[in-house]
1. Report the full-extension gain for the segment GLN49 to ASN27: residue separation times 0.36 nm, less the Cα-Cα distance, to one decimal in nm.
2. Taking all protein chains together and a probe of 1.4 Å, list ASP68, ASP77 from the most accessible to the least accessible.
3. Leaving ligands and nucleic acids out of the surface, order HIS31, HIS48 by accessible area at 1.4 Å, largest first.
4. Starting at the first residue of segment 55-60, write each ³J(HN,Hα) from the Karplus equation 6.51 cos²θ - 1.76 cosθ + 1.60 with θ = phi - 60°, in whole Hz, x for Gly and Pro.
5. Using amide H atoms built 1.01 Å from N in the peptide plane, name the residues 5+ places from GLN40, or on other chains, whose amide H lies under 5 Å from its own.
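The values are calculated or read from the model by the stated rules, or taken from the named source; none is laboratory data. Keep in mind it's a predicted model, so treat the numbers as computed, not measured. In case anyone asks, the SASA skips ligands and DNA or RNA and just uses the protein heavy atoms, side chains included. Shrake-Rupley method; radii C 1.70, N 1.55, O 1.52, S 1.80 Å.
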Amino acid sequence: MAVDGAIRMGGFSDEGSLYDGCLLCMNVIQHLENQGIDYQTMNILEDHQQRDGLKRKIGEVYVPVLEDEGQFTIGEDILQTDR
């Protein structure tokens, strides 16, 4: 996969986004770094616009969420992601 964009991950290339804010999120960040996957975090606890946008996209507020070209991977499933 290549990550492509600010809020979207396009298969994991150079840029993408990860909604953060919890211990699992820190594990996901470490996993992405170990895989050499670039990402962008958004703290939905501090940024209410991002929180509301996440709720519109997946119907709930849950972290971590990895968005990849409109496809969402949620929670521990992100730890199965590789380059």
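1. Numbers: separation 22, 0.36 × 22 = 7.92 nm, distance 2.44 nm.
Residue separation times 0.36 nm, minus the Cα-Cα distance, leaves 5.5 nm.
2. The residues order as ASP77, ASP68, largest area first.
3. The ordering from most to least exposed comes out as HIS48, HIS31.
4. 4, 5, 6, 10, x, 7
5. Residues meeting the amide H criterion: GLY16, SER17, LEU18.
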